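This report concerns only the one structure given below.
The values are calculated or read from the model by the stated rules, or taken from the named source; none is laboratory data. Remember, it's a predicted structure, so these values are computed and weren't measured experimentally. Reconstructed Cβ throughout: ideal geometry from the backbone, glycine too, with neighbour counts over all protein chains shown.
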Amino acid sequence: MDWSPMLISLRTASLSILITFFLGIFAARFVIGMKSDKAKIVIDGLLTMPLVLPPTVLGFFLLLIFGVKRPFGKILLDFLSIKIVFSWTATVLAAVVVSFPLMYRSSRGAFEQVDKTLIMAGRTLGMSERRIFWRVVMPSALPGVASGGVLAFARGLGEFGATAMIAGNIANKTRTLPLAIYSEVAAGNLEGAYGYVAVVLMISFFVLSLMNYFTIKGRKYANKDEEK
Amino acid sequence: MDWSPMLISLRTASLSILITFFLGIFAARFVIGMKSDKAKIVIDGLLTMPLVLPPTVLGFFLLLIFGVKRPFGKILLDFLSIKIVFSWTATVLAAVVVSFPLMYRSSRGAFEQVDKTLIMAGRTLGMSERRIFWRVVMPSALPGVASGGVLAFARGLGEFGATAMIAGNIANKTRTLPLAIYSEVAAGNLEGAYGYVAVVLMISFFVLSLMNYFTIKGRKYANKDEEK
Amino acid sequence: ETDENKGSSVNEAEPAANETLLVAAAASLKICFEDELIPMFEEKYPNIKVDATYDSSGKLQTQIEEGADVDVFMSAAMKQMNALDEQELMVKESIVKLLENKVVLIVPKDSDKGITAFEEILKAETVAVGDPDSVPAGQYAKEIFENLGLWDDVSAKSSLGTNVTEVLNWISEGSADAGVVYSTDAASNKNVVIAAEAPEKSVSPVIYPVGIVKSSTKKDSSKLLIEFLKSNEALSVFEKYGFTSLK
Amino acid sequence: MSLLVSIKKYYKGFTLDADFETDEEYLGILGASGSGKSMTLKCIAGIETPDEGVIVLNGRVLFDSVNKINLSPQERNIGYLFQNYALFPNMTAEQNIGSGLKMTKKEKKIKANELIKSFHLEGLENKYPSQLSGGQQQRVALARIFAYEPDVLLLDEPFSALDTHLKDKLQTEVIDILKLYKGEVLMVTHSMDEVYRFCENIAFIDRGKTVLSGKTKELFAKPNLFAAARLTGCKNISKCNVLSNHQIYAVDWDFIFETEELVPENINYVGIREHSFQIADTADVKNTVVCKINKIVEEVFEYTIIVENMNQKIRNENSEMLFKVSKDEWNKRKNNKYLYLNVPDDSILMLN
Amino acid sequence: MSLLVSIKKYYKGFTLDADFETDEEYLGILGASGSGKSMTLKCIAGIETPDEGVIVLNGRVLFDSVNKINLSPQERNIGYLFQNYALFPNMTAEQNIGSGLKMTKKEKKIKANELIKSFHLEGLENKYPSQLSGGQQQRVALARIFAYEPDVLLLDEPFSALDTHLKDKLQTEVIDILKLYKGEVLMVTHSMDEVYRFCENIAFIDRGKTVLSGKTKELFAKPNLFAAARLTGCKNISKCNVLSNHQIYAVDWDFIFETEELVPENINYVGIREHSFQIADTADVKNTVVCKINKIVEEVFEYTIIVENMNQKIRNENSEMLFKVSKDEWNKRKNNKYLYLNVPDDSILMLN
Ligand SMILES: Nc1ncnc2c1ncn2[C@@H]1O[C@H](COP(=O)(O)OP(=O)(O)OP(=O)(O)O)[C@@H](O)[C@H]1O
Ligand SMILES: Nc1ncnc2c1ncn2[C@@H]1O[C@H](COP(=O)(O)OP(=O)(O)OP(=O)(O)O)[C@@H](O)[C@H]1O
Ligand code: MOO
Ligand SMILES: [Mg+2]
Ligand SMILES: [Mg+2]
């Protein structure tokens, strides 16, 4: 078995979850902070959109944005010498785009569940909104945010359609585990596919366990029993 | 434009969100109720699994289960005359399988955020665990659960890879909007694709708005101001 | 059709510095490329490394149209190659019709429908073909059935695969009773059997053309690769995987 | 230091109409349950936004509906002790106390430790709120706003969850801390003793409206209003008719009081505190009620004697009067046949 | 009705060791903040699980660590009034009250309305907890467990958030309701008056341990333990040395008390309630302290006089004594030069 898809996937999933995590949280915070309910609903619709499109189609749209012949892609290439299409960066881009809605939506729900009184308490104590967010809201919303993180990580790790479209399926470069699995299945090589499937499951299992572990630990204040 | 994909998608998405919604909630409830942290982590990994596999591969595995030549599919066919593959049912099956982890995980996070004291209060008032769950935990967890619902609905509506594999792409029968979009994009018929994309976005937008609206309304007790 | 052969010499100089070529090849070529041909080529030209991306030809076409930095494109049908060529995205002279594949009708291994010819296709409850709008194998299927005057009936009971793999799996798992794929695909799956080969003249030849993308900056190396693919050595590998060489 | 509050806030079924001013002293806020005390404090702290009015602190406008000024809670620099504490569940006691401080970790620790001592929380530094008892939580919440040192302290029933001993101790200590503290203190409490001890000024809120404010001692002596009398613990209040400039007829007790003071015209109620009655030996003195004893309730140091005017003609549910007497005095009283209760002249509270 | 509790629960830094039994009467639980009162109630209600021990209600074992019995809260049928109310935020007041009822909607409504009246919540039926004041929330919580009619009522500071007037009223009414109610009532409270009024029996918890239990009146009269004396409001407690069978030397006050009663050997403290002192005219009577007045604090109906033994040789921070006297009596006292405070014989509390 070729291990490069595993390494590529690991790198892609790690970087993309990092980006998605914060991006999703910021988006959620932004939307919650919006005054108008209508604007809220519209923005929410836009941010959830990537989820309803088949990833391949999403990838196609990404291609229309980042393709070197398209205005944006051209600017990136001409001024920053960044070429997205068929690069490793593109695998990250694809993973971020497809997993973003999961992170955004889950953390939004989690934040909305936090007791408003605590936020008020923070304000009357002179804590800055930023500090309140990170020290009060986030810890209380941890289970929901962690769920978002788990979902986003898993989705990013499993991303295939948009990746194939914008990053291609290049061995040692952009062939992530899902692409490798797909290729093996396509070639009728089920044993090979199973190997990769096992790897992807193991990774996700490992990461999910870690996340679960830390969430359970991080919420020890909610468990009334302290170890004796 | 052919309207049948829209009708099929609407039916599929509606039924599948109904199933996923309750299945996800029950799974979340079950996992939270588990005593052993270890077992919890393992089951959590299993339930989140469908998310890390590329949908096509997931569809392939579904095919290995429900295919008419496979034991399970054979039993269904021989004894119950149910043929899953290439049927409308399969579109629902695919949508449920891919969207389940989203619902499960989001609602689990939401439930974990609910104040344990309230549950205890319910118990000392003699409320059955079932009643406590539906009358106390659920309403408090509404934002998170709704997020799960939104994600699951959107994901179900956008599902493509697994659907194609197990339900096929039969016009007027199993060709959902994402499949239609994909065909148009693949054929380079962008105008046709945009039409379908617009439809799918409109549907998801409409449903998300509804969900947002009801969530905001349903949580009126959290907004301190009552209308005057 | 052997225009470019004249100008090119097998012994053309290798690039001095290391170069990496990017080949975009139809998914059906993945195994023979990855397992045999690329290693062979790289051994022959140590200075040239070959990366390859595999997908359905239509998708590769889109990617090239959107400026993916592909050097060599090998498609599973002339349609995509021609489309790119018309947009002046290919080096016209470099395009070579390299291989031919056969379109076959397949059925599940233990099928009891008794389908033995394209004409008998309507015995099938469900038919699996590639989406004629985007999948080459589907276009050929449509062509055959149109010639047989059956297309309207067939398409009504058809599931249109988004790629050949899907079609293959549908049939191997018995979801569909019959379907149309390439003989190379049929050979890769033990659960399907070939019921019939496309009748002579019922379908235009399934040509796998290869060519250099115009925007390539490594045209010399690309030429070397195409020359290599045309070599007998390479063609015998292709034949091993069920293709017919067109030379 | 001066604070001016004049705000209105409208809810379905409830209107807050708070209107008072206070300078350089501690202000106690007294009001029945649900009368709007917490809401008033919340408006001042910036947690709730009034619908109209102004709030001015030391000349600085915190809120002004006309000029659309509404400072954020952070800008107001006002500490609010939430009635339900609002401790951060994810922080330990010590972290909670330090949460409002803008200083280095080390300084924070020192400051927090000081307050932990002041509020008798030693040994609980590293416990989370869910691991603390009700009273401990209340003390952490108190320590938290004291740490923050705001310009104004709003305390919403600050000692309600403490046992008597600790409450006494803490009250004395808080008074000491407050002496050093140069800010305004507004305190909501249901404990008369607390108001009396802490606050020179007092404001009464009745069904959302500030009905009376002024010096604590004066208002305890002469509450003037039915609501104020009740809130200051006056248990015996009867409807009354003014008979003349010096005579009031207490309807519920069927008794005529002669007053030295001129009776204001708009008097509707007459009140007598349960401690005001004096046991007399005869009924000859003016304002002495001949009583029938209905019930004797033993309390820790006193008896509450529930009596009724012996000569009562028309009885109603409000005819009984409560009279508190130390056990000693009760046991020492001579006349056991009749109970003559005299109401000293300055103990007749005339209310409207 | 009988309840036997004998449980242990270990926390880091805190061990609960509750051990008491009560029959057919109301039991008051008194203890300092953080002493384990709420925890005890929670263990009885089934919200917390003790580490060892048994809980038996009317012969029915609710918990038994040895035999691994641990009934769910639902099976216990015990109502617990949470110290912080624990109202369901998504239900209106009325729904909260009806939440534990198993009957038709109509019956529920009737029952809920009854309780809404009893607890003076009219007009608040459709408000959510977040729209209720602290006291209103507490009353909804009370109404909710009364509606549920459990076998045992555990009340954790049931009236702490109410204003005096309402508290008095509700207490009387709750006593009336409870008279009809055939269950056991355990009440945690910090108010001595409340205990005295409600509970014939009392248990003292000190740092997790039930240190004393028995008849309320007896234990108020003779608390026997330092902790109990303090919890029953005894403000003056001094370390002491037993000099003889009838003499105790109060170290902090530098004074020797002569007692009629035999002094038990294991006495470490002597206590005098602030109401127990009597103003004497001379120092001739035994147990009369000649006092120096350090401070006079005015309270609503009384003065608290802070005094010190004039002849004190070694002073410490605990040397001051508090003495409460009605304003009347204080003003009427004759000897203004010296303050002679006599301690009646049965007012000397001997504690260990
Ligand atoms: N969002 C709201 N909508 C409607 N009425 C409300 C709302 N919030 C509070 N109220 C009402 O406002 C009144 C005042 O509440 P507030 O909390 O100020 O009372 P309080 O004086 O602090 O009483 P307590 O002593 O019981 O704490 C209450 O009667 C309450 O029902
Ligand atoms: N999970 C826990 N871990 C460690 N200690 C705890 C935990 N929960 C409670 N405690 C401690 O147990 C003690 C008893 O708490 P409890 O709530 O029973 O006190 P309480 O007597 O009700 O006091 P209060 O009158 O202040 O409400 C407290 O000192 C508290 O710090
Ligand atoms: O281009 Mo293909 O080999 O028909 O998927
Ligand atoms: Mg209040
Ligand atoms: Mg408690």
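Condition check ((1) more than 16 Å from ligand 4 (Cβ to nearest atom); (2) in contact with a Leu (Cβ under 6 Å, 6 or more places away or on another chain)) across all residues:
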{"residue": "D:2", "(1), (2)": "yes, no"}
{"residue": "D:10", "(1), (2)": "yes, no"}
{"residue": "D:22", "(1), (2)": "yes, yes"}
{"residue": "D:33", "(1), (2)": "no, yes"}
{"residue": "D:37", "(1), (2)": "no, no"}
{"residue": "D:49", "(1), (2)": "yes, no"}
{"residue": "D:57", "(1), (2)": "yes, yes"}
{"residue": "D:66", "(1), (2)": "yes, no"}
{"residue": "D:75", "(1), (2)": "yes, no"}
Checklist entry - Taking the stretch C:85-108 as the search range and keeping residues that are more than 28 Å from residue C:126 (Cα to Cα), touching a residue at least 24 places away in the same chain (Cβ under 8 Å) and within 14 Å of another protein chain (Cβ to nearest Cβ), which one is farthest from ligand 1 (Cβ to nearest atom)? => result C:88
Item to check | Enumerated helices (runs of 4 or more DSSP H) restricted to the stretch D:192-235, each holding at least 2 residues that are touching a residue at least 60 places away in the same chain (Cβ under 8 Å) and surrounded by 21 or more Cβ atoms within 10 Å (Cβ to Cβ) | outcome: D:192-198, D:226-231
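Filter the stretch D:145-158 down to residues that are farther than 19 Å from residue D:203 by Cα and assigned to a loop (DSSP other than H, G, I, E, B) and give me whichever is nearest to ligand 3 (Cβ to nearest atom).
Restricting attention to the stretch D:145-158, the residues satisfying the condition of being farther than 19 Å from residue D:203 by Cα are D:145-151.
Filter once more, keeping what is assigned to a loop (DSSP other than H, G, I, E, B): D:149-151.
Numbers: D:149: 72, D:150: 70, D:151: 73 Å.
Only one residue tops the list, namely D:150.
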Checklist entry - Is there any pair linking a residue in the stretch C:143-170 that is more than 19 Å from residue B:64 (Cβ to Cβ) to one that is within 16 Å of ligand 5 (Cβ to nearest atom) and of a type in the set (A, V, I, L, M, F, W, C), with Cβ under 8 Å and at least six apart or on different chains, and which? => result none
Next on the checklist: Out of D:154, D:186, D:166, I need the residue that is in contact (Cβ under 8 Å) with a residue 24 or more places away in the chain, surrounded by 20 or more Cβ atoms within 10 Å (Cβ to Cβ), more than 16 Å from ligand 5 (Cβ to nearest atom) and within 10 Å of another protein chain (Cβ to nearest Cβ). Which one?
Outcome noted: D:154
Item to check | Any chance residue D:286 is assigned to a strand (DSSP E or B), of a type in the set (Lys, Arg) and in contact (Cβ under 8 Å) with a residue 24 or more places away in the chain | outcome: no
Item to check | Tally, over the stretch C:123-139, of residues that are polar (S, T, N, Q) and facing another protein chain (nearest Cβ under 9 Å) | outcome: 2
Checklist entry - Would it be correct to say that residue E:40 is more than 23 Å from the chain's Cα centre (by Cα) and modelled with pLDDT of 90 or more? => result no
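Among the helices (runs of 4 or more DSSP H) contained in the stretch A:62-140, which hold 3 or more residues that are within 13 Å of chain B (Cβ to nearest Cβ) and under 20 Å from the mean Cα position of the chain (by Cα)?
Numbers: elements: A:71-80, A:88-112, A:116-124, A:129-132.
So the answer is A:88-112.
Pull up the stretch D:148-159, narrow it to residues that are farther than 16 Å from residue D:73 by Cα and in contact with a strand residue (DSSP E or B) (Cβ under 9 Å, 6 or more places away or on another chain), then point me to the one that is farthest from ligand 4 (Cβ to nearest atom). Can you show your working first?
To start, the set of residues in the stretch D:148-159 that are farther than 16 Å from residue D:73 by Cα comprises D:156-159.
Cutting the leftovers down to in contact with a strand residue (DSSP E or B) (Cβ under 9 Å, 6 or more places away or on another chain) gives us D:156-158.
Working: D:156: 6, D:157: 7, D:158: 12 Å.
My answer is D:158.
Specify which of the listed residues (D:44, D:55, D:69) is surrounded by fewer than 23 Cβ atoms within 10 Å (Cβ to Cβ) and of a type in the set (A, V, I, L, M). Lay out the reasoning, then the answer.
Numbers: D:44 fails: surrounded by fewer than 23 Cβ atoms within 10 Å (Cβ to Cβ); D:55 fails: surrounded by fewer than 23 Cβ atoms within 10 Å (Cβ to Cβ).
Being surrounded by fewer than 23 Cβ atoms within 10 Å (Cβ to Cβ) and of a type in the set (A, V, I, L, M) holds for just one of D:44, D:55, D:69, which is D:69.
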Item to check | Residue list for the stretch E:321-352, restricted to those being within 14 Å of chain D (Cβ to nearest Cβ), crowded, with 18+ Cβ neighbours inside 10 Å and assigned to a loop (DSSP other than H, G, I, E, B) | outcome: E:343
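Look at the stretch D:15-42 and say how many of its residues are within 14 Å of chain E (Cβ to nearest Cβ) and of a type in the set (A, V, I, L, M, F, W, C). Show your work before the answer.
First, pick out the residues of the stretch D:15-42 that are within 14 Å of chain E (Cβ to nearest Cβ): D:15-16, D:28-42.
After this cut, where a residue has to be of a type in the set (A, V, I, L, M, F, W, C) as well, the list is D:16, D:29-30, D:32, D:39, D:41.
Here the count works out to 6.
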Checklist entry - Residues D:88, D:63: which one is touching a residue at least 40 places away in the same chain (Cβ under 8 Å), out of contact with any strand residue (DSSP E or B) (no Cβ under 7 Å at 6 or more places or on another chain) and over 17 Å from residue D:188 (Cβ atoms)? => result D:88
Next on the checklist: Take the conditions within 23 Å of the chain's Cα centre (by Cα) and exposed (fewer than 15 other Cβ atoms within 10 Å of the Cβ) and apply them to residue D:284. Does it pass?
Outcome noted: no
Checklist outcome for this item: Matching residues in the stretch E:113-140 (without any contact (Cβ under 8 Å) to a residue 12 or more places away in the chain and either among the aliphatic types (A, V, I, L, M) or surrounded by 17 or more Cβ atoms within 10 Å (Cβ to Cβ) (or both)) number 2
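With E:211, E:140 as the choices, which residue is within 14 Å of residue E:87 (Cβ to Cβ), more than 16 Å from ligand 5 (Cβ to nearest atom) and more than 8 Å from every other protein chain (Cβ to nearest Cβ)? I'd like the intermediate steps shown before the answer.
Numbers: E:211 fails: within 14 Å of residue E:87 (Cβ to Cβ).
Sole residue among the options that is within 14 Å of residue E:87 (Cβ to Cβ), more than 16 Å from ligand 5 (Cβ to nearest atom) and more than 8 Å from every other protein chain (Cβ to nearest Cβ): E:140.
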Next on the checklist: Out of everything in the stretch B:183-228 that is within 16 Å of ligand 3 (Cβ to nearest atom) and out of contact with any Asp or Glu (no Cβ under 7 Å at 6 or more places or on another chain), what residue ends up being modelled with the lowest pLDDT?
Outcome noted: B:188
Checklist entry - Given the conditions (1) of a type in the set (Val, Ile, Thr); (2) within 12 Å of chain A (Cβ to nearest Cβ); (3) surrounded by 18 or more Cβ atoms within 10 Å (Cβ to Cβ); (4) more than 23 Å from residue C:168 (Cα to Cα), and given that residue B:43 satisfies all but one, which numbered condition is not satisfied? => result (3)
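Would you mention how many residues in the stretch C:39-80 are crowded, with 21+ Cβ neighbours inside 10 Å and not polar (S, T, N, Q)? Full working, then the answer.
Of the residues in the stretch C:39-80, the ones crowded, with 21+ Cβ neighbours inside 10 Å are C:41, C:48, C:50, C:52-64, C:66-68, C:70-77, C:80.
When the remaining residues are screened for being not polar (S, T, N, Q), the result is C:41, C:48, C:50, C:52, C:54-55, C:58-60, C:64, C:66-68, C:70-74, C:76-77.
Number of matching residues: 20.
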Checklist entry - In the stretch C:193-218, what residues are surrounded by 16 or more Cβ atoms within 10 Å (Cβ to Cβ) and among the basic types (Lys, Arg)? => result C:214, C:218
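For residues in the stretch E:82-92 being more than 7 Å from every other protein chain (Cβ to nearest Cβ) and within 17 Å of residue D:83 (Cβ to Cβ), which is nearest to ligand 4 (Cβ to nearest atom)?
The initial filter retains those residues of the stretch E:82-92 that are more than 7 Å from every other protein chain (Cβ to nearest Cβ), namely E:85, E:87, E:91-92.
Going one step further and asking which of them are within 17 Å of residue D:83 (Cβ to Cβ), we end up with E:85, E:87.
Working: E:85: 13, E:87: 15 Å.
It comes out as E:85.
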